[in-house]
Structures are given as structure tokens and as C-alpha cells.
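The values are calculated or read from the model by the stated rules, or taken from the named source; none is laboratory data. Bear in mind the structure is a predicted one, so any value in this text is a computation, not a measurement. All Cβ positions, glycine included, derive from the backbone under ideal geometry; neighbour counts span all protein chains shown. Protein only, heavy atoms only, side chains kept; ligands, DNA and RNA dropped before computing areas. Shrake-Rupley method; radii C 1.70, N 1.55, O 1.52, S 1.80 Å.
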Amino acid sequence: RAKKGFMVSKHLKNYGFNNLAEYVMTTNKCLFIRHKKATYYLTKWINGSEISFNNKESILECTKLLADFHESSKGFVLTDDFRIKKIYGRREKQFSNRWDEIKNIINQLRKKKNTSIFDKLYIESYTIFKPYYQLTKKLLSNKEFAKLAKSMEQEAYVCHDSFYYQNILLSDETHFIIDMESCTLDMPISDLGHYIRRILSRNKYMWDFDLCKQIIEYYSFVRELSKEEITALFGIIVFPHKYWKLGKKKYIKQKDWSEQKYIKKMKKLLQQQEYIDIFIKQYKAYYNISF
């Protein structure tokens, strides 16, 4: 993972993207040292602070940073001496697997003799979130998407795969991306779609289509999105990720939260439903998406 981060960073810097933490070599010109079965490396310190998404200006500046990152990542050459996950056209399969996890959870809950309040809420919510998954499936399981994925793979883009405020620093009005260890070979709209969804699901923005449109426009100033990308992007945004993630935390990872906390999070998701429905109609109409 550490070597992958270094190799991606090296490629980005070679193509003019310097908004990264610079790696520090050892006195023996090595990248790592090993100690007690662990591997360590150093980067130079970025004297900055974690970005805040409490204002739209910051969101849009980070959008341009992401587009710059993707544009510079183009043409990444994979070698045999390190591994990096390749996704591209497998994104629909990934979403399908996640929905299968949800269905398995629902089936298990329906067999329970004594269901909790959260159990009942999760079961009842299945029919609410299912249409969002069906929309994702329609948009990502057709010939147009397969053709787009193949094109992106040929152009060899890298995705950060964790582009959010925790991994963006602001230093002297310059933005930096950190934590390159999660990078994948994937379509740029994967990063962009996850970024948009996480922002729009915040209470402050509550699926504001105008903000989504601005993000897409700012991204396109740097790296222009095709009609096919904007259509596929829609499928990535609307997948009910938080419904899947909440179920996974509760029933698979068994995260030690109180019943009240789980119920609160589930109710928050349900409160967003009407806003998501409006967002879907606005996105379809503005970008003239039909299927």
C-alpha cells in the first residue's frame, strides 16, 4: 500500500501535480524501513489544516483539485512490483454485491422471532431504497457504460478513492491531498460521484441540485465530462450507500452503538428521502437523461 502511494505520487508529480506530501528517502536512498514486521516511511510535513465543507467556495475549490488530480493521473503505468486494485467497469458489480448484502440482512431479520425497533425500521426501509438501487443498476449495466469504462481503462486514470475533508489540507491558500494508500485504477467519476454524494447528504445541503450542478461545472472547467460520464455519474450518486453502510455496521461488523443511535441514524436517512426524490427529477431533467 505504501509503495502504491509512492508510485502514484511520483507519476502525478511527473505530470505537474505537486499538491501532495513529498516522500523522504532514507540515508541509504530507500523508501521504507522495516521494524518488527512493520514497514515505515516518512513524508515532509504540510503545515496546514483540515479542510472544512461549511461553505460552497471551499467545496468548489476542492472540486478543481480533484479534477487536476485526475487529469494528471492519466496514463498511469502499472508495473509488476506493486499491486493496485483495478475497478473501471466492475463498479456496477460492486453495487450489486452491496445490494445482495442488504437482501441477505433483510432475509435474516424476517426470520427473527423478536425484532427490535431498528430491525423493523431497516426492513420497512427496504422498499424505499430499492428504487434507488434499481436506478443505479439501469445506468451502470448497459452497453454505453461498458464502452465508457473500457475507454477510461485505456486512458489509465487513477482514483484517490477517499477524497474527502479528512484527506485534504489547506496551507497558505494551497490545497493538498494526503493518504495516497487507498488509490485505485478506476473511472474519475467514481471519485467525483462519492464526493458529491457525501456532500449532498450533509444536513446543510440536503440534496441541493444547484450545488451538484456547480460541482460538475467546476470539475468540467479542468477536465470536461462527457454526456456518458454525467449519466453514469448519476448512478453512482443515487446508490443508497448510507442505507447499506448502516446495515453493515449493525449486522455484519456489529459496531457497538446503542439502539437509540442506530434508530437516530436510520430516521435521518428516511428524512432525506423526499429531497433525494426531488434531486433525481431535477438531475434527469437538466441533463436530459432517459432510459
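Of the residues making up the range 114-156, those that are open to solvent by 10 Å² or more (accessible area, probe 1.4 Å) and of a type in the set (S, T, Y) are T115, S116, Y126, T127, Y132, Y133, S141, S151.
One residue stands out among those in the range 208-244 that are over 24 Å from E71 (Cβ atoms) and not in a helix (DSSP H, G or I): the one that is most open to solvent (accessible area, probe 1.4 Å), which is D208. Any idea which of I87, I128, I105, I123 is β-branched (V, I, T), modelled with pLDDT under 95 and closer than 25 Å to R197 by Cβ? When all the criteria are applied, what remains is I87. Candidates are the residues of the range 163-207 that are touching a residue at least 40 places away in the same chain (Cβ under 8 Å), closer than 17 Å to Y283 by Cβ and part of a loop (DSSP other than H, G, I, E, B); the one that is most open to solvent (accessible area, probe 1.4 Å) is M206. Of the listed requirements (1) farther than 25 Å from W99 by Cα; (2) in contact with a Cys (Cβ under 9 Å, 6 or more places away or on another chain), Y283 misses just one: (1). Pairing each residue of the range 110-126 that is under 17 Å from K248 (Cα atoms) with any residue that is in a loop (DSSP other than H, G, I, E, B) and among the small types (G, A, S), provided the two are 6+ apart or on different chains, yields no C-beta distance under 9 Å. Being in a strand (DSSP E or B) and touching a residue at least 24 places away in the same chain (Cβ under 8 Å) is the filter; apply it to the range 18-41 and report the residue that is nearest to the chain's Cα centre (by Cα). So, considering only residues that are in a strand (DSSP E or B) and touching a residue at least 24 places away in the same chain (Cβ under 8 Å), the one nearest to the chain's Cα centre (by Cα) is L20. Looking only at the range 65-95, residues that are surrounded by 16 or more Cβ atoms within 10 Å (Cβ to Cβ), farther than 20 Å from H11 by Cβ and out of contact with any Gly (no Cβ under 9 Å at 6 or more places or on another chain) come to 1 in all. Among all residue pairs at least 6 apart or on different chains, which show Cβ distances below 9 Å where the first residue, located in the range 272-291, is under 19 Å from R198 (Cβ atoms) and the second is acidic (D, E) and in a loop (DSSP other than H, G, I, E, B)? Partner pairs satisfying both residue conditions: Y275/D208; F279/D208. Close contacts from the range 208-226, counting a first residue that is closer than 14 Å to Q282 by Cα and a second that is part of a loop (DSSP other than H, G, I, E, B), with Cβ to Cβ under 6 Å and a gap of 6+ residues or different chains, come to L211/Y205. Is there a residue being touching a Ser or Thr at 6+ places or on another chain (Cβ under 7 Å), modelled with pLDDT of 95 or more and among the aromatic types (F, W, Y) anywhere in the range 205-214? Taking every residue of the range 205-214 in turn, none turns out to be touching a Ser or Thr at 6+ places or on another chain (Cβ under 7 Å), modelled with pLDDT of 95 or more and among the aromatic types (F, W, Y). Condition check: surrounded by fewer than 18 Cβ atoms within 10 Å (Cβ to Cβ), part of a helix (DSSP H, G or I) and touching a Phe, Trp or Tyr at 6+ places or on another chain (Cβ under 7 Å). Does K10 satisfy that? So K10 does not fit the description; no.
Among the residues of the range 109-128, those identified as of a type in the set (S, T, N, Q) and under 18 Å from Y262 (Cα atoms) are N114, T115, S116, S125.
If the condition is being surrounded by 12 or more Cβ atoms within 10 Å (Cβ to Cβ), part of a helix (DSSP H, G or I) and among the polar types (S, T, N, Q), then the range 249-291 contributes Q273, Q282. Taken as a whole, the structure places E61 among residues that are within 29 Å of K245 (Cα to Cα), open to solvent by 50 Å² or more (accessible area, probe 1.4 Å), at pLDDT 95 or above and assigned to a helix (DSSP H, G or I).
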